[in-house]
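Notes to accompany the following structure.
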Amino acid sequence: MTRLLDTLALRPTDRRPIWVMRQAGRYLPEYLELRSRHAFQDAIRDPKVASEITLQPIRRFGFDGAVIFADIMTPLEAMGVDVTFDPGPRLTPMSLAEIADLPDLDPDRIAHVAETLRLVRREVPEDVTVIGFAGAPTTLLAYLLEGSGSKEYLVLRRAMHEETPELEAAIAKLATSMHAYLGMQIEAGAQVVQLFDSWAGTLPRSILEERVFPAARDTLSDLEAPTIYFAPGAGHALGSMRDVGASGYGVDWRIPIDEAWDQLGPAVAVQGNLDPAVLLTSPDRVHAAVRALIERTAGRPGHIVNLGHGIDRRTPLENVAALVAAVKESS
Ligand code: 1CP
């Protein structure tokens, strides 16, 4: 058992586990160096390069979790969708009917992710937990309908209000395919899987409860590893989020973590929730923020330290080192 697995099972540990979202990425000079030689998608498609990028932040900082280098859009390629990156995803917008008609995910077309997981699992120290992930149906639907990220997600929000049979079929297609994708990752060595629902927070609570959380629940049900669900900006629906049935929940930086935990309920673990902007300040500030965060969850097993969203590319390396040191000094 690793610290991260124990924590997700609400078992006490010597200290809290720590990893950060987007830890393999553009704030790291060794990532930028590799990316100068490999385009983003080529890096994902080459298990040697992808596993190296996954391991870079583990070597430099000693995080407790190694999150596999890929993107939430990666598995859509195995459903016949063409995606490019600039730097975020770009694709030709699709209708709900077209999304519902996509072929089911073909694991053979994405075997490189499984191979990356096997390589990472072989190389990480035993106390480091290998984390797989997927995008949640609603968040993938947002990209497929809109064609890219968006400020308001009006196409997604309109579709959610229209309640058509095509909407239901499109969501079911994505849930089934991502369930299969996560199962493949677990089989290949992922010890925990996280479901990213990055744009769910743009939706009203009623729709989250009726459509979004059930779709996430279907995606995560009956997997043979603990699960984490992360829907930043969905603090207005924490009280019903546990219906997703995950082992743990990511909490964004807007709400004190103990308040979020009270709303999520005592039977689940929590992950978060330092403001990524804290990492733009100074090592002293980072230490103080970590101490304050840990105090809020003191005396209660089940807290994974992380940021409330992805690490910013402008983050100074010394502040990341300070974050890990502060967590490791605590008990
Ligand atoms: O130029 C580059 O190097 C590409 C930048 C980049 C990176 C490093 C993108 C494009 N994706 C990634 C990797 C990535 N994406 C990981 C790797 C593991 C890690 O270290 O965490 C993960 C888990 C993701 C997940 C992801 N991609 C999410 C969910 C998390 C979140 O931030 O909410 C989302 C929404 C995406 C879409 C995406 N891909 C890339 C960008 C810049 C974005 C978001 C912005 C947009 O929609 O335009």
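Quick one: net charge around residue 306, please, counting Lys, Arg +1 and Asp, Glu -1 for every other residue with C-beta under 15 Å from its C-beta.
On the way: positive: 3, 15, 16, 22, 254, 296, 328; negative: 64, 252, 275, 312.
Net local charge, residue 306 excluded: +3.
First compute the accessible area of the chain with a 1.4 Å probe, then give the percent of it belonging to carbon and sulfur atoms. Write out the running numbers ahead of the final one.
Numbers: 6520 of 13650 Å².
C and S fraction of accessible area: 48 percent.
List the residues, sorted by chain then number, that are 5 or more residues from residue 229 or on another chain and whose placed amide H is less than 5 Å from its amide H.
When sequence neighbours closer than 5 places are left aside, the close amide H contacts are 195, 248, 249, 250.
With n ≥ 4 as the cut-off for DSSP H runs, can you work out [θ] at 222 nm for the chain, using -39500 (n - 2.57) per run divided by the number of residues, rounded to the nearest 500?
Here the helix-only value at 222 nm equals -13000 deg cm²/dmol.
Cα centroids of segment 252-273 and segment 112-152: how far apart, whole angstrom?
23
Given a 1.4 angstrom probe, what's the average accessible area per residue across the chain, in square angstrom?
For the chain, the solvent-accessible area averages 41 Å² per residue.
Can you compute 3J(HN,Hα) from phi for each residue in segment 253-268, using the Karplus curve 6.51 cos²θ - 1.76 cosθ + 1.60 with θ = phi - 60°, rounded to whole Hz and x for Gly and Pro?
Karplus values, whole Hz, x for Gly and Pro: 7, 6, 10, x, 5, 5, 5, 4, 4, 4, 6, 6, x, x, 8, 10.
The values are calculated or read from the model by the stated rules, or taken from the named source; none is laboratory data. What you are looking at is a predicted structure, and each value in this text was computed from that prediction instead of being measured. Note: ideal-geometry Cβ built from the backbone for every residue, glycine included; neighbour counts use all protein chains shown. Heads up: the accessible areas ignore ligands, DNA and RNA and are worked out on the full protein's heavy atoms, side chains in. Shrake-Rupley method; radii C 1.70, N 1.55, O 1.52, S 1.80 Å.
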